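The values are calculated or read from the model by the stated rules, or taken from the named source; none is laboratory data. Small disclaimer: the values here were computed from a predicted structure and weren't measured. Note that each Cβ is placed from the backbone with ideal geometry, even for glycine, and that neighbours are counted across all protein chains shown.
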Amino acid sequence: MLIKLTGGKVYDPTNNINGEVRDIYFADGRVVPPPADARVDKEYDVRGRVVMAGAIDPHTHIGGGKVTIARTLLPEDHYKDEVAHTSITRAGTGHATPSTMITGYRYAEMGYTAAFEPAMLPANARQAHMEMGDTPLLDKGAFVMLGSDDYLLRLMAGKASFEQIKDYIAWTMHAAQAIAVKVVNPGGISAFKFNQRKLDLDEKHVYYGITPRDIIQTLARGLLELGVTHPLHVHGCNLGIPGNVETTLATIRATEGLPLHLTHIQFHSYATEGDRHFSSGAVQVAELLKKYPHISIDVGQVMFGATCTASGDSMRQYNGAKNADPKRWVVMDIECDAGCGVVPFRYRDKSFVHALQWAIGLETFLLCDDPWRIFLTTDHPNGAPFYTYPHLIRLLMDRDFRRETMLHVNPEALQYSTLPSLEREYSMYDVAILTRAGPARSLGLKDMGHVGPGARADITVYKDDANRERMFTTPELVFKNGELIVRDGKVIKVVNGATHVARPEYDRAIEKPLKEYFDRYHTVRMENFRLSDDEITDGGRGEIIVQPTRARTSS
Amino acid sequence: MTAHADGDATHTYENVTCPFCGLLCDDLTVTRTGSTLKVSNGCPRATAGFQRPLPPAKPMVRDAEVTLEEAIKAAADLVRQAKLPLYGGMATDVAGQRAIMAIADQTCGVVDHALSDGQYRNLRVVQTSGWIMSTLTEVRNRADLIIIVGSDIHKLHGRFFDRIVNPEHTMFDGVGTKRTVIFLGEGLDTSGAVGPRVDEVISLPVAKDRIPEVLSAISARVRGFNIPAPQATAPSTSKIGSMFAGLVPGSKLATAEAPAHEIAGIPFADIDAVAEKCKKAHYGVLVWAPPALSMPQADMTVHMMTEIVRELNQTTRFAGLSLGGNEGAPSAASTCTWQTGYPLRVSFANGKPEYDSVRYNIGRMLTEGEGDILVWVASIGTDIGLPQTKVPTIVLGTPGVRLAQSPTVFIPVGTPGIDHAGQMVRCDNVVSLPMKNLHRSQLPSSADVLAAIQAAL
């Protein structure tokens, strides 16, 4: 079946199309070149509309144990947003940590067709995939967490060969069915179990004697040599601590030319000026990043309101638990592998600290001049739930709206940020990069994030509304693999998306020492730790797509 | 129906996950000859579960043998007519839970697991104050102090000591290499705690209903409060008085007052010694099995444990470890939570999920005459038989499941990890395991049967 979208204004940065009027054709789930004389089976008149690829969220906590802990923790969060079933959609609940089906529906209703869980613990990978398997309408994938797991740290402490470390990284990606690797508070989650309460970039782990710097460099180099497209995804040391901008700057310098992605950098850009010793470090970060073109970031924008923070960073979450609102929180030490912390939180616009966090996030967006290296995230649900994105987009695209919003936040906070002086407005093309082309390129999703021939027909059509929040809240049409799934912001058809993974090469011989290790110390067999393809795809839960990796190299 | 297709050929399966308790031990070796299984390294519960001869079972409608298709049609007819169907039992794997949630959502029913009472002892604590918890591998390798509270773990989870407490090796040189095991509670089997790393075993044999008093005392001591002597407060109700008086900062004892000699029959010195060990531990763990905490308001006991843990974390590392989780209870709670936001006891009567842990307790609803049909899934053990009820019942059960009454519709189903493949969530709610198909029988999975009933509605 050949479908034609006629006359839309297309924003497709991958193919350098900036608002030009184009017809788009797709058949069998793929965009095709304009056919010479083929009969169009279905035509949609989208003249005057804005056409983009389906949006991609590269960092959103949508699946896995910590999200379900957050759901368990806060029934009162769900009471205010209970969603009834319809003839085609399931019941569920929304707000800060929506249930899985509602997550899928709401992303799709906002024009998103893919979302990536950034913190999948190897020990919890099976559940993370189960939850993502119950998240319809989206393609998904997950970044597996390494860096506080005993096996990596003992390899490093024991000066194992770098090839062996790479084999272990690759094995873990296969076993957990991951597309990328994330490190969270490198070594710090483990250090917390040894009763260390902080771990700076160059501070030694009391047991292994290695530092976060060692861990970041090892994993970053390992992934580069394994040919994994997405570079090491780093949630750095000292999250949320005033003065941590120094750690962030040092982390950037520590890469020494290695590619890296620094996630929710807003939470890591705090300086110590002023009476309250809390101020924005966004300018320093943005300036340094200009000299490190191999580093990308996402923001983790804070938005005002109630949410629930859920992180693998048990050390920092334990520390932040004193600010829990409501006063109720969970911290877990997990399987000598990782950890998690779940702390409900309310960001208040009249709070000096929260308003400054908000301003630092926006500053970061507006100061970073290369939209290909910055992604639009709230670190859902940590900075805010994902469905605040349209509001965030308006703040970026509409200077007057931004100024007006600033009138309502703590005025003192704005004195410690350059936000009030920033005039920049994001263009539609910029937004298409931030939410489509950039994440697709960074994750290696070659046939996603654009609408050129060969792309998957994940396409979103918006009414061109000067109120950008309204525009991005309610797309007119959303296609998933060529099927119309959303009309006028409502799901009209439910399909399952694919799971994206990357499978770098590794030497199977690593399973011998690994099996001995699992048998000796673990409560799960190595064979059962591995997650099979069938476990993800059974029950019609969508295919697995193996994204290519570059050839493995050695330095 | 349960006879096996490949006759008497023998197959050996390695790394088999056991579905019969919440630990989900996954290192079993099971040999199958025809439809007979033999476990070489299971605990008594696992051995009994795997090796139980499967009695012949046919789908039944009103005590008459029918085909599977007829039974599914009869079940669908009953469900279709129901105004408020109750979906209980929920003893199945994640696929089964997903199927229960799907049909319950469509038919505006209520979901609750047979063992929710135990789980709610924990959930009430999570939903009021949260907690700091650990998991099995973490405890196995790291803990130097393990306090088992009011739960006869050796009986409930036959390999807990072998797999978690006693293993010779730890990942960490010099960490958790010597451990103290403390049993708090009367009549607990302490014989499991043996081996080179078990340095010391201490038993405080307090009656179950008085465990909260001892925990209170430990809590007070780790906070640095003294425990007043009985005669120093209210002599006739020294129990209660001593519990709380010491918690008030202003009531810190003058040295002139004598300390209590005992609390709930336990010498104060022993309690004090436990508190000291807690403070000195590098990584201590309080272990309980929620179903075993049958004292009144057991959630308050869980809360007390989690508050002790919270206090100790100010200076050292400490965590809770909750066991239990039999009959697929964690799979039910987790699946229901990620699909609705709520951990069971959810009603879809108004089309949207409504959560009330008292109101949507299916046991209570049946007693009070709420609900007009009961769909009961019991695909794992034989002990969670159908509750007594006057409403029509549809049972998806493992052959031989104990039934207090004859169900309106009975459909024999396979057990996850034996008759079909699947996935289940472990008691720590973090790790989940693959369940193998050992090809014992051709019985359908509860997920498949539920999907067929839903399709026939």
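Looking for whichever is more than 21 Å from B:Phe318 (Cβ to Cβ) and in contact (Cβ under 8 Å) with a residue 12 or more places away in the chain here; the options are B:Asp152, B:Asp173, B:Asp144. Which one fits?
B:Asp152 is the lone residue from the list that is more than 21 Å from B:Phe318 (Cβ to Cβ) and in contact (Cβ under 8 Å) with a residue 12 or more places away in the chain.
For (1) part of a loop (DSSP other than H, G, I, E, B); (2) more than 13 Å from chain B (Cβ to nearest Cβ); (3) closer than 29 Å to A:Ser442 by Cβ; (4) touching a strand residue (DSSP E or B) at 6+ places or on another chain (Cβ under 7 Å), each residue gets a yes or a no:
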{"residue": "A:Glu516", "(1), (2), (3), (4)": "no, no, no, no"}
{"residue": "A:Arg520", "(1), (2), (3), (4)": "no, no, no, no"}
{"residue": "A:Thr523", "(1), (2), (3), (4)": "yes, no, no, no"}
{"residue": "A:Gly540", "(1), (2), (3), (4)": "yes, no, no, no"}
{"residue": "A:Ile545", "(1), (2), (3), (4)": "no, yes, yes, yes"}
{"residue": "A:Thr549", "(1), (2), (3), (4)": "yes, yes, yes, yes"}
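Conditions first: (1) at pLDDT below 95; (2) within 30 Å of B:Asp27 (Cα to Cα). B:Leu403 passes all but one, so which condition is the exception?
(2)
Check every one of the helices (runs of 4 or more DSSP H) wholly within region B:29-136 and list those with 1 or more residues that are under 30 Å from A:Arg71 (Cβ atoms) and of a type outside the set (Val, Ile, Thr).
B:94-106, B:116-126
Which one is farthest from the other protein chains (Cβ to nearest Cβ) among residues in region A:153-204 that are part of a helix (DSSP H, G or I) and β-branched (Val, Ile, Thr)?
A:Ile169
Tell me the residue from B:Val409, B:Val430 that is crowded, with 21+ Cβ neighbours inside 10 Å and within 30 Å of A:Gly64 (Cβ to Cβ), please.
B:Val430
On the basis of being more than 10 Å from chain A (Cβ to nearest Cβ), part of a helix (DSSP H, G or I) and either within 19 Å of B:Gly185 (Cα to Cα) or of a type in the set (S, T, N, Q) (or both), does B:Thr337 make the cut?
Judged against the criteria, B:Thr337 is not a match.
Before we move on, is B:Gly351 within 7 Å of chain A (Cβ to nearest Cβ), under 23 Å from B:Ala447 (Cα atoms) and outside any helix (DSSP H, G or I)? Show your work before the answer.
Details: within 7 Å of chain A (Cβ to nearest Cβ): yes; under 23 Å from B:Ala447 (Cα atoms): yes; outside any helix (DSSP H, G or I): yes.
The answer is yes for B:Gly351.
Being in contact (Cβ under 8 Å) with a residue 12 or more places away in the chain, within 27 Å of B:Asn326 (Cα to Cα) and part of a loop (DSSP other than H, G, I, E, B) is the requirement here; does B:Leu215 meet it?
No, not satisfied.
Are any of the residues in region B:440-457 at pLDDT 95 or above, part of a loop (DSSP other than H, G, I, E, B) and within 14 Å of chain A (Cβ to nearest Cβ)?
The initial filter retains those residues of region B:440-457 that are at pLDDT 95 or above, namely B:440-457.
Applying the additional criterion that residues be part of a loop (DSSP other than H, G, I, E, B) yields B:440-445, B:456-457.
With within 14 Å of chain A (Cβ to nearest Cβ) added as a condition, the list becomes B:445, B:457.
Yes: one or more hits.
Out of A:Glu20, A:Glu43, report the one residue that is more than 10 Å from every other protein chain (Cβ to nearest Cβ), touching a Ser or Thr at 6+ places or on another chain (Cβ under 9 Å) and among the charged types (D, E, K, R). Don't jump to the end; show me each part of the working.
Numbers: A:Glu20 fails: touching a Ser or Thr at 6+ places or on another chain (Cβ under 9 Å).
Answer to the selection: A:Glu43.
Condition check ((1) surrounded by fewer than 18 Cβ atoms within 10 Å (Cβ to Cβ); (2) hydroxyl-bearing (Ser, Thr, Tyr)) across all residues:
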{"site": "A:Pro475", "(1), (2)": "no, no"}
{"site": "A:Arg487", "(1), (2)": "yes, no"}
{"site": "A:Ile492", "(1), (2)": "yes, no"}
{"site": "A:Val495", "(1), (2)": "yes, no"}
{"site": "A:Thr523", "(1), (2)": "no, yes"}
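A:Asp313 fails exactly one of the following numbered conditions: (1) away from chain B (no Cβ under 13 Å); (2) farther than 14 Å from B:Ile132 by Cα. What is the number of that condition?
Going through the list (1) away from chain B (no Cβ under 13 Å); (2) farther than 14 Å from B:Ile132 by Cα, A:Asp313 breaks only (2).
Working only within region A:83-120, note down all residues that are facing another protein chain (nearest Cβ under 8 Å) and either crowded, with 22+ Cβ neighbours inside 10 Å or basic (Lys, Arg) (or both).
A:Val83, A:Arg90, A:Ala91, A:Gly92, A:Thr93, A:Thr97, A:Pro98, A:Ser99, A:Thr100, A:Met101
Inside region B:364-399, can you point out the residues that are within 30 Å of B:Ala421 (Cα to Cα), surrounded by fewer than 18 Cβ atoms within 10 Å (Cβ to Cβ) and modelled with pLDDT of 95 or more?
B:Thr382
Just one of the numbered conditions (1) within 14 Å of chain A (Cβ to nearest Cβ); (2) over 18 Å from B:Ala281 (Cβ atoms); (3) surrounded by fewer than 22 Cβ atoms within 10 Å (Cβ to Cβ); (4) in contact with a Gly (Cβ under 7 Å, 6 or more places away or on another chain) is not true of B:Thr170; which one?
Result: B:Thr170 passes all but (2).
Of everything in region A:480-519, what is of a type in the set (Lys, Arg) and either at pLDDT below 95 or under 24 Å from A:Arg154 (Cα atoms) (or both)? Give them in sequence order.
A:Arg503, A:Arg508, A:Lys512, A:Lys515
Residues are listed down the side, and each one gets a yes or a no for (1) farther than 20 Å from B:Phe225 by Cα; (2) within 11 Å of chain A (Cβ to nearest Cβ); (3) out of contact with any Pro (no Cβ under 8 Å at 6 or more places or on another chain); (4) free of Cβ contacts under 8 Å to residues at least 60 places away in the same chain:
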| site | (1), (2), (3), (4) |
| --- | --- |
| B:Pro291 | yes, no, yes, no |
| B:Gln297 | yes, no, yes, yes |
| B:Glu307 | no, no, yes, no |
| B:Ala319 | yes, yes, yes, no |
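Listed here are the residues, each with its yes/no results for (1) under 24 Å from A:Asn410 (Cβ atoms); (2) surrounded by fewer than 24 Cβ atoms within 10 Å (Cβ to Cβ); (3) without any contact (Cβ under 8 Å) to a residue 12 or more places away in the chain.
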site	(1), (2), (3)
A:Pro326	yes, yes, no
A:Met332	no, no, no
A:Cys340	no, no, no
A:Arg346	yes, yes, no
A:Gly361	yes, no, no
